[in-house]
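Everything below concerns the one structure shown next.
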Amino acid sequence: MRKPVNFLILNMSSPNKKAPSPLAYLRDIIALPVMVTIVIPYFFPYDKKQAFIPDNIFIKITGTAFFVAGLLLFLSTNYLFVTIAKGTLAPWSPKQQLVVKGPYRYCRNPMITGVLFILCAESLYFHSTNILLWAAFFFLMNTFYFITVEEPHLQKTFGESYKTYKANVPRWLPRLMPYTMNM
């Protein structure tokens with residue numbers, strides 16, 4: 001008897017694989033998003049005379065809204081990685097399942113989008129052109145990595161399921177309607 005396929009979650013792992021430990025999750029969160037959004041921006045020179053991003057209440061409120069949206073997106077996608085993918089957010093941590101649920105139904109990289117929102121929020125709130133340039137570099141670096149490394153790896157790991165998902169869900173700009181995987 002054939003096992004039914006869940007249309008939102010595709011299991012591509014052996015049943016003996018264990019999810020990473022809580023320490024592995026913590027290590028990877030500190031190594032990646034904490035480094036990108038806190039440690040690296042901390043060392044950028046701060047110049048109150050940066051005129052590109054004005055320092056006013058509207059900009060601060062917009063920055064706060066970007067931060068909240070980015071944090072919620074980041075937390076929700078991490079929750080999906082813990083509960084469904086059984087892997088950490090780090091590229092070196094193999095994912096046991098392809099996640100096509102929640103924000104992943106709208107774009108393929110919502111976790112990085114959340115981090116980008118946080119960086120843009122910091123740029124607006126602290127009116128820092130340097131953090132905005134860092135966000136642009138981070139975006140370009142991730143786009144290059146996704147195209148050259150991650151997407152070919154996911155295609156190899158998850159096969160036709162990922163190929164179909166990739167063809168229907170954009171890398172960055174979200175779809176208007178959520179994607180539903182048809183098998």
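Pairs meeting the criteria (first residue in the stretch 15-43 and at pLDDT below 90, second residue of a type in the set (D, E, K, R), beta carbons under 6 Å, at least 6 apart or on different chains) are A19/K86. Each residue in the stretch 160-174 was checked for being surrounded by 11 or more Cβ atoms within 10 Å (Cβ to Cβ) and without any contact (Cβ under 8 Å) to a residue 60 or more places away in the chain, and 4 of them qualify.
Meeting the requirement of 3 or more residues that are farther than 30 Å from I59 by Cα and out of contact with any Asp or Glu (no Cβ under 7 Å at 6 or more places or on another chain), the helices (runs of 4 or more DSSP H) wholly within the stretch 119-183 are 151-158, 160-168. Quick check on T83: is it surrounded by fewer than 22 Cβ atoms within 10 Å (Cβ to Cβ) and in contact (Cβ under 8 Å) with a residue 40 or more places away in the chain? No, not satisfied. Taking (1) in contact with a helix residue (DSSP H, G or I) (Cβ under 7 Å, 6 or more places away or on another chain); (2) over 12 Å from Y125 (Cβ atoms); (3) part of a helix (DSSP H, G or I) in turn, I84 satisfies each apart from (1).
Is it the case that T113 is among the polar types (S, T, N, Q), in contact with a Phe, Trp or Tyr (Cβ under 9 Å, 6 or more places away or on another chain), surrounded by 14 or more Cβ atoms within 10 Å (Cβ to Cβ) and more than 27 Å from I147 (Cβ to Cβ)? Spelling it out, it is not the case that T113 is among the polar types (S, T, N, Q), in contact with a Phe, Trp or Tyr (Cβ under 9 Å, 6 or more places away or on another chain), surrounded by 14 or more Cβ atoms within 10 Å (Cβ to Cβ) and more than 27 Å from I147 (Cβ to Cβ).
Within the stretch 125-143, being among the β-branched types (V, I, T) and within 13 Å of the chain's Cα centre (by Cα) holds for one residue alone: T143.
Taking the conditions (1) in contact with a Leu (Cβ under 8 Å, 6 or more places away or on another chain); (2) surrounded by 22 or more Cβ atoms within 10 Å (Cβ to Cβ) in turn, P103 satisfies each one other than (2).
For the stretch 90-125, the set of residues classified as farther than 23 Å from I30 by Cα and among the small types (G, A, S) consists of G102 only.
Going through (1) within 13 Å of V100 (Cβ to Cβ); (2) of a type in the set (S, T, Y); (3) out of contact with any strand residue (DSSP E or B) (no Cβ under 9 Å at 6 or more places or on another chain) one by one, Y165 falls short only on (3). Every residue in the stretch 158-183 that is under 19 Å from the mean Cα position of the chain (by Cα) and hydroxyl-bearing (S, T, Y), please. Those that are under 19 Å from the mean Cα position of the chain (by Cα) and hydroxyl-bearing (S, T, Y): Y162, Y165, Y179. Looking for something surrounded by 15 or more Cβ atoms within 10 Å (Cβ to Cβ) and touching a residue at least 60 places away in the same chain (Cβ under 8 Å) - is there at least one such residue anywhere in the stretch 145-153? The answer is no; no qualifying residue exists. Taking (1) closer than 21 Å to A19 by Cα; (2) in contact with a Ser or Thr (Cβ under 7 Å, 6 or more places away or on another chain) in turn, L80 satisfies each apart from (2).
Number of residues in the stretch 87-103 that are more than 13 Å from the chain's Cα centre (by Cα), of a type outside the set (S, T, N, Q) and modelled with pLDDT of 90 or more: the value is 3.
The values are calculated or read from the model by the stated rules, or taken from the named source; none is laboratory data. Only a predicted model underlies this, so the values are computations on that prediction, with no experimental measurement involved. Glycine also receives a Cβ, built like all others from the backbone with ideal geometry; neighbour counts cover every protein chain displayed.
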